[in-house]
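J.: Next up is a structure, given as structure tokens.
The values are calculated or read from the model by the stated rules, or taken from the named source; none is laboratory data. Every value quoted in this text rests on a predicted model; they were computed, and no experiment measured them. Cβ atoms come from the backbone with ideal geometry, glycine included; neighbour counts cover every protein chain shown.
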Amino acid sequence: MLDFPRWKYALVALIVIFGIVYAIPNIYPQDPAVQISANRGAVIDDALRERVSGLLDTAGIVPKLLTADGDRMMVRLSDADSQLKASDLLRGELGNRYTVALNLASTVPGWLNAIAATPMLLGLDLQGGVHFLMEVDQRAAVEKHENAAADDIRALAREEKLRGVDAVRGANGITVRARSAEDMERLAGLIARSLPELQLTPVTAETPTLLATLSEAELRTITDNAIEQNLGTLRNRINELGVAEPIIQRQGASRIVVQLPGVQDTALAKKVLGATATLEYRAVVDGDPYSAAQTGRVPADARLYYQRQIGIDGKPIPVLLSRRVIASGDQLIYARSGIDSEGGTPMVSVRLNAVGGQRMLDFTVENVGRGMAVVFIERVPETRMVDGQEVRTVRVREEVISVANILGVFGREFRTTGLDSPKEAAELALLLRAGALSAPIDIIEERVIGPSLGKENIEAGARAIVMGFLAVCALMIVYYRWFGLIAVIALFANLTLLAAVLSMVNATLTMPGIAGIVLTLGMAIDGNVLIGERIREELRLGNTPIASIKAGYERAWTVILDSNVTKLIAAMALFGFGSGPVRGFAVVLFFGVLTSMFTSVTVSRAITTLFYGHGRKVQHVSV
């Protein structure tokens, strides 16, 4: 007797319905859109909405919809040409206070979004995305190590009680001075033992002087480490964005390529990847900062900064800070935003590593009652049109976000207060939590690839899938008749489930992925061919139709399982050892094999049993 339990019918029906619901979002096209995000100090409000609407109306651009959500505004447009025109117009009119970026706005109904049913992400070759070419500032990485070495030399002199020793980094290296030749000889021995990466060269001067420079091997190591650390940092930052299958790779000696296929928030990607933000903790130096700001005469051991707060004269308040950095962003372990329980203002709670914590502890032990400032440093890439040419620059902003007296001794854990808003605290915590860059990076090439570029690829891929599907359907129906039609229904269920699974795991579909889908069609029908041939064989041996169907499914299952297990192993090997598009192909192949095993056996058997089983007297099987 050919039977199929009711609970299995219910399970198959639920899985197929589940697949249909989660595959539906892929049929909704995305609207070309321009996204406007507020930068530090700017807001998204009704006034901006009216201004944007007026600018578009004056230019003759009619938006489909203009919506504001929190700190960003989305302008939906009817076509890609209007999108580009609106983007150029708004970028020029809104200036640096807002980030204007191309985007694609989802048209998926709210009820599908409510159950987390989202469409598949498409790769750069299909949907477009964001492409960055970044260059690491190697000189900044070297300067950072030279500054640290100068601090170490001064620390060695203090430990050995050598008075009058000074170490200052200059254009050619670190200039080290001592009071006497004996002190210099002793200090040179200490440097050779403690800092072997430095090369010492005597310099003719009135006082004993050495020039300490980094060796060539050390310079290469610093550069390579800066690149590798920045690669890891960028990966962490992209993980914070939740981008699926990004491409992050080194190019040449000092460049990094970042591609974000199918990215949903290009403005945030540009802000997080393009901006290099960090904190520096510096001691307040005694002196008159107003006089220094007016005359330009700054003490040798100090630098002039300006506070974020505005003074009574309407100008930022100047402050003199030490050139020596107590702790910096690259020594942070974590950063979390919140509200200060004492002052009720936004704050970022940070924790330093052992080195940074020890330096902070040493400083606070000796300087209780003195002032310490928190300096926020941000490097933002900018693009301007000069005489019709695109000119890329980097805007560096350094501002003191808080100045406070050290009331007690602290080390690894403390809080940074004085931030303007919870949004600013959250953004700063995101940048710091994602990882501080070992050296600044500048975006030297940026491309936002629109959907029109991949239109031909999408059409070609769709034609390949449709033609492959129809060809397989025609062959199966002609050759296996009624069982061929059952196989076609199972094949359609397979495609639906595959689209649903790929959407749920946020897989990025590329042209190799489409090739994987077409390949899955052939592999999925393989199982039904095996079942059909087994049933034919049983009928030729003289078995009854019901017995032939039952034996056909049971005997074909072991062969189907064996063949698909080997395909799964191949897919896992491709995913483990491949990269980029190869991994995308492997993902589609892996899930395609799993869904084809389910549909070719379970779904087709449910349909077959529904028509031939449950006690029916069957005289003929159309196979």
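J.: Could you pull out the residue among Asp313, Asp301, Asp340 that is within 14 Å of Phe414 (Cβ to Cβ) and surrounded by fewer than 19 Cβ atoms within 10 Å (Cβ to Cβ)?
T.: Residue meeting the stated conditions: Asp340.
J.: Based on what the data block shows, is Val601 surrounded by 18 or more Cβ atoms within 10 Å (Cβ to Cβ), over 34 Å from the mean Cα position of the chain (by Cα), of a type outside the set (Lys, Arg) and not in a helix (DSSP H, G or I)?
T.: Criteria not met by Val601.
J.: Just name the residue that is farthest from Val108 (Cα to Cα) out of those in the stretch 5-25 that are exposed (fewer than 13 other Cβ atoms within 10 Å of the Cβ) and either modelled with pLDDT under 90 or of a type in the set (Phe, Trp, Tyr) (or both).
T.: Filtering the stretch 5-25 for residues that are exposed (fewer than 13 other Cβ atoms within 10 Å of the Cβ) and either modelled with pLDDT under 90 or of a type in the set (Phe, Trp, Tyr) (or both), the one farthest from Val108 (Cα to Cα) comes out as Pro5.
J.: In the stretch 45-55, is there at least one residue being more than 30 Å from Ser421 (Cα to Cα) and either in contact (Cβ under 8 Å) with a residue 60 or more places away in the chain or polar (S, T, N, Q) (or both)?
T.: The answer is no, given that none of the residues of the stretch 45-55 is more than 30 Å from Ser421 (Cα to Cα) and either in contact (Cβ under 8 Å) with a residue 60 or more places away in the chain or polar (S, T, N, Q) (or both).
J.: Could you check the stretch 399-417 and list, in sequence order, the residues that are out of contact with any helix residue (DSSP H, G or I) (no Cβ under 6 Å at 6 or more places or on another chain) and not in a strand (DSSP E or B)?
T.: Leu407, Gly408, Thr417
J.: Looking only at the stretch 490-511, filter to residues that are in contact with an Asp or Glu (Cβ under 9 Å, 6 or more places away or on another chain) and outside any loop (DSSP other than H, G, I, E, B); which one of those is farthest from Ile20 (Cα to Cα)?
T.: Among residues in the stretch 490-511 that are in contact with an Asp or Glu (Cβ under 9 Å, 6 or more places away or on another chain) and outside any loop (DSSP other than H, G, I, E, B), the one farthest from Ile20 (Cα to Cα) is Met511.
J.: Of the residues Thr233, Thr175, Thr213, which is β-branched (Val, Ile, Thr), outside any strand (DSSP E or B) and either under 22 Å from Gln331 (Cα atoms) or touching a residue at least 24 places away in the same chain (Cβ under 8 Å) (or both)?
T.: Thr233
J.: Filter the stretch 343-380 down to the residues that are outside any helix (DSSP H, G or I), surrounded by 16 or more Cβ atoms within 10 Å (Cβ to Cβ) and of a type in the set (S, T, N, Q) and list them by number.
T.: Once the filter is applied, which keeps residues that are outside any helix (DSSP H, G or I), surrounded by 16 or more Cβ atoms within 10 Å (Cβ to Cβ) and of a type in the set (S, T, N, Q), the stretch 343-380 yields Ser349, Asn367.
J.: Here's another thing I want to ask about it. Determine whether the stretch 565-574 contains at least one residue that is closer than 30 Å to Ala500 by Cα and not aliphatic (A, V, I, L, M).
T.: yes
J.: For Glu538, only one of the following conditions fails: (1) more than 29 Å from the chain's Cα centre (by Cα); (2) modelled with pLDDT under 85. What is its number?
T.: Here Glu538 meets the rest and fails (2).
J.: From the list Asp387, Asp301, pick out the single residue that is charged (D, E, K, R) and at pLDDT below 80.
T.: Just one listed residue meets the conditions, Asp387.
J.: How many residues does the stretch 279-315 contain that are among the aliphatic types (A, V, I, L, M) and closer than 13 Å to Val375 by Cα?
T.: Here the count works out to 4.
J.: Here's something else I'd like to know. From the list Gly532, Gly542, Gly552, pick out the single residue that is farther than 30 Å from Arg250 by Cα, not in a helix (DSSP H, G or I) and not hydroxyl-bearing (Ser, Thr, Tyr).
T.: Of the residues listed, the single one that is farther than 30 Å from Arg250 by Cα, not in a helix (DSSP H, G or I) and not hydroxyl-bearing (Ser, Thr, Tyr) is Gly542.
J.: Then there's this: Look at Pro119 and say whether it is modelled with pLDDT of 85 or more and under 21 Å from Glu456 (Cβ atoms).
T.: yes
J.: Would you confirm whether any residue within the stretch 232-242 is touching a His at 6+ places or on another chain (Cβ under 9 Å), buried (at least 19 other Cβ atoms within 10 Å of the Cβ), modelled with pLDDT of 70 or more and under 24 Å from Arg72 (Cα atoms)?
T.: Scanning the stretch 232-242 turns up no residue that is touching a His at 6+ places or on another chain (Cβ under 9 Å), buried (at least 19 other Cβ atoms within 10 Å of the Cβ), modelled with pLDDT of 70 or more and under 24 Å from Arg72 (Cα atoms).
J.: Right, here's the next one. Among the residues of the stretch 26-70, what is the count of those that are hydroxyl-bearing (Ser, Thr, Tyr) and in contact with a helix residue (DSSP H, G or I) (Cβ under 6 Å, 6 or more places away or on another chain)?
T.: Count: 1.
J.: Next question, about the same structure. Does the stretch 44-93 hold any residues that are of a type outside the set (D, E, K, R), out of contact with any Lys or Arg (no Cβ under 8 Å at 6 or more places or on another chain) and under 24 Å from Glu424 (Cβ atoms), and which are they?
T.: Scanning the stretch 44-93 gives Ala47, Leu48, Val52, Gly70, Met74, Leu90.
J.: When you go through (1) touching a Phe, Trp or Tyr at 6+ places or on another chain (Cβ under 8 Å); (2) over 30 Å from Phe591 (Cβ atoms) one by one for Glu50, which number turns out not to apply?
T.: (1)
J.: Also, quick follow-up: Hey, among Leu453, Leu431, which residue is in a helix (DSSP H, G or I), hydrophobic (A, V, I, L, M, F, W, C), under 30 Å from Ile377 (Cα atoms) and modelled with pLDDT under 80?
T.: The conditions single out Leu431.
J.: Follow-up. Which one of Thr520, Thr566 is closer than 19 Å to Met597 by Cβ and either surrounded by fewer than 19 Cβ atoms within 10 Å (Cβ to Cβ) or without any contact (Cβ under 8 Å) to a residue 12 or more places away in the chain (or both)?
T.: Thr566
J.: Give me a count of the residues in the stretch 21-50 that are within 30 Å of the chain's Cα centre (by Cα), of a type in the set (A, V, I, L, M, F, W, C) and in a helix (DSSP H, G or I).
T.: Of the residues in the stretch 21-50, 5 are within 30 Å of the chain's Cα centre (by Cα), of a type in the set (A, V, I, L, M, F, W, C) and in a helix (DSSP H, G or I).
J.: Do the conditions hold for Leu56, that is, is it in a strand (DSSP E or B) and surrounded by 15 or more Cβ atoms within 10 Å (Cβ to Cβ)?
T.: The answer is no for Leu56.
J.: Do we have any residue at all in the stretch 612-619 that's assigned by TED's automatic domain parsing to the domain that holds Ile549, surrounded by fewer than 19 Cβ atoms within 10 Å (Cβ to Cβ) and among the hydrophobic types (A, V, I, L, M, F, W, C)?
T.: No, there is no match, as no residue in the stretch 612-619 is assigned by TED's automatic domain parsing to the domain that holds Ile549, surrounded by fewer than 19 Cβ atoms within 10 Å (Cβ to Cβ) and among the hydrophobic types (A, V, I, L, M, F, W, C).
J.: If I go through the stretch 109-139 residue by residue, how many of them are crowded, with 17+ Cβ neighbours inside 10 Å and in a loop (DSSP other than H, G, I, E, B)?
T.: Within the stretch 109-139, residues that are crowded, with 17+ Cβ neighbours inside 10 Å and in a loop (DSSP other than H, G, I, E, B) number 11.
J.: Report, by residue number, each residue of the stretch 204-227 that is under 49 Å from the mean Cα position of the chain (by Cα), more than 14 Å from Leu156 (Cβ to Cβ) and surrounded by 15 or more Cβ atoms within 10 Å (Cβ to Cβ).
T.: Correct list: Thr209, Leu211, Thr213, Leu214, Glu218, Leu219, Ile222, Thr223, Ala226, Ile227.
J.: In addition: Given (1) closer than 30 Å to Ile377 by Cα; (2) surrounded by 14 or more Cβ atoms within 10 Å (Cβ to Cβ); (3) among the charged types (D, E, K, R), identify the lone condition not met by Arg177.
T.: So the condition that Arg177 fails would be (1).
J.: Here's something else I'd like to know. Run Lys617 past the list (1) among the basic types (Lys, Arg); (2) without any contact (Cβ under 8 Å) to a residue 60 or more places away in the chain; (3) assigned to a helix (DSSP H, G or I) and report the number of the one that doesn't hold.
T.: (3)
J.: So in the stretch 465-515, with the set limited to residues that are without any contact (Cβ under 8 Å) to a residue 60 or more places away in the chain and among the aromatic types (Phe, Trp, Tyr), which one is nearest to Ser622 (Cα to Cα)?
T.: So the residue we want is Tyr479.
J.: Just give me the residues in the stretch 270-293 being at pLDDT 75 or above and farther than 19 Å from Glu398 by Cα, in sequence order.
T.: Listed by number, the residues that qualify are Asp286, Gly287, Asp288, Ser291.
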